[in-house]
Each structure stands twice: as structure tokens, then as C-alpha cells.
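Peer 1: Quick one: this structure, given as C-alpha cells, is what I'll be asking you about.
The values are calculated or read from the model by the stated rules, or taken from the named source; none is laboratory data. Computed from a prediction, not measured in an experiment: that's the story for all the values here. Here the Cβ positions follow ideal geometry from the backbone for every residue, glycine too, while neighbour counts run over all protein chains shown. Ligands, DNA and RNA are excluded from the accessible area calculation, which covers all protein heavy atoms including side chains. Shrake-Rupley method; radii C 1.70, N 1.55, O 1.52, S 1.80 Å.
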Amino acid sequence: MLAGDGPDRAKLENLARELKVTDRVTFTGAVPQAQLPAHYGAADALVLSSSREGWANVLLESMACGTPVVASRVYGTPEVVAAPEAGVLMRERSYRGVADAVNALRANYPDRGATRRYAERFSWDDTTEGQLRLFDEVLARRAGELALAQT
């Protein structure tokens, strides 16, 4: 199942026809937010092969539904997918990288409850506390530098 209406949708639909897999592939188009949990929960894995991502909430949404992920190793994604129960990061962003990572996930498929518990560690409260700790560290370091400069 492929969700979304990105610029490559027509190319992917053509590829599915060429490979004669249209009976096994569903293109859903954009999925309303309220329907996403049902899709995540029904999936064996969510695959996100982005060329760039900041902090991909879609990964945590999937994991919160107990569905592990396969994702490209870009920007903030390794921070989100940092344990086996979360899923697998691709070694390279290519068709072979996707296939290898999906096979690695299938070979060591995590317990869906463990995947959900992993995602729960990324609450807004925990994220906010982490940001505040970081700000405190920066301010303390800056205060130390100013104190040294004044002596």
C-alpha cells in the first residue's frame, strides 16, 4: 500500500503496471489524519525512503501504533530509529537499500508492543524537557565563558 500524492505517483503506478503487480499494490492517495492509525496498525512496516527529513513524525506515529519502520539514514531519522524495536535504517537510499532493510526487519521483526513502548519515550513532555536541558547547558557554558573573559 502506497499512501500520498507526491510527484512520483504516476511513475510508480506505471512501474506497478510494467511489473504486473497492480493486483498486489494499492495507491491510496492522501489519507486523512483520522484514518492513519488504522493504516499504520494494519501494516507490517512503514517504509520512508526520504532524501531529507527533519524529525519525521510519521515514523513515531507508525511506531506508536506498534508498527516498526524502515527509513533512510538522513538528518534526524537516526535519532528517531535508534533501537531494533523501532525498526531498521537503510544502509543506502536505493532500491537495493530499501529491499535489504525490509529483509533485515523481517528477519528480526520486533514485538509490536515493544515498538509502541519505544515510541512512547518521545512524548512532548520529554522532548520539551530535553530542549530545556540543552538551553540550560548552553547558558551555563556561555556564563562560564563570560566569567573567564572578565578575569
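Peer 1: Collect the residues in the range 10-51 that are under 22 Å from Ala101 (Cβ atoms), open to solvent by 60 Å² or more (accessible area, probe 1.4 Å) and either modelled with pLDDT of 90 or more or in contact with a helix residue (DSSP H, G or I) (Cβ under 7 Å, 6 or more places away or on another chain) (or both), keeping them in residue-number order.
Peer 2: Selection gives Lys11, Leu12, Leu15, Leu19, Arg24, Thr26, Asp44, Val47.
Peer 1: Shifting gears a bit: When you go through Ala64, Ala45, Ala16 one by one, which is the residue that is closer than 19 Å to Ser94 by Cα and in contact (Cβ under 8 Å) with a residue 12 or more places away in the chain? Steps first, please.
Peer 2: Values: Ala64 fails: closer than 19 Å to Ser94 by Cα; Ala16 fails: in contact (Cβ under 8 Å) with a residue 12 or more places away in the chain.
Unique residue meeting the criteria: Ala45.
Peer 1: Please determine, by comparing only the residues of the range 52-84 that are assigned to a loop (DSSP other than H, G, I, E, B) and of a type in the set (Val, Ile, Thr), which one is surrounded by the fewest Cβ atoms within 10 Å (Cβ to Cβ). Full working, then the answer.
Peer 2: Let us first name the residues in the range 52-84 that are assigned to a loop (DSSP other than H, G, I, E, B), namely 52-56, 65-68, 72-76, 81-84.
So of that shortlist, the ones also of a type in the set (Val, Ile, Thr) come out as 67, 74, 81.
Values: Thr67: 23, Val74: 18, Val81: 26.
Going through the qualifying residues, I end up with Val74.
Peer 1: Condition check: open to solvent by 70 Å² or more (accessible area, probe 1.4 Å) and of a type in the set (Phe, Trp, Tyr). Does Phe135 satisfy that? Break it down into steps so the answer makes sense when it comes.
Peer 2: Numbers: open to solvent by 70 Å² or more (accessible area, probe 1.4 Å): yes; of a type in the set (Phe, Trp, Tyr): yes.
Spelling it out, Phe135 is indeed open to solvent by 70 Å² or more (accessible area, probe 1.4 Å) and of a type in the set (Phe, Trp, Tyr).
Peer 1: I would also like to ask the following. Among the listed residues Ala101, Ala119, Ala147, identify the single one that is hydrophobic (A, V, I, L, M, F, W, C), part of a helix (DSSP H, G or I) and touching a helix residue (DSSP H, G or I) at 6+ places or on another chain (Cβ under 7 Å).
Peer 2: Details: Ala101 fails: touching a helix residue (DSSP H, G or I) at 6+ places or on another chain (Cβ under 7 Å); Ala147 fails: touching a helix residue (DSSP H, G or I) at 6+ places or on another chain (Cβ under 7 Å).
From the options Ala101, Ala119, Ala147, the qualifying one is Ala119.
Peer 1: Is there any pair with a first residue in the range 89-113 that is over 18 Å from Leu60 (Cα atoms) and a second that is of a type outside the set (A, V, I, L, M) and part of a helix (DSSP H, G or I) whose Cβ atoms are under 9 Å apart and which are 6 or more apart or on different chains, and what are they?
Peer 2: Sorted first by the residue in the range 89-113, then by its partner, the pairs are Arg91/Gly97; Arg91/Asp100; Glu92/Asp100.
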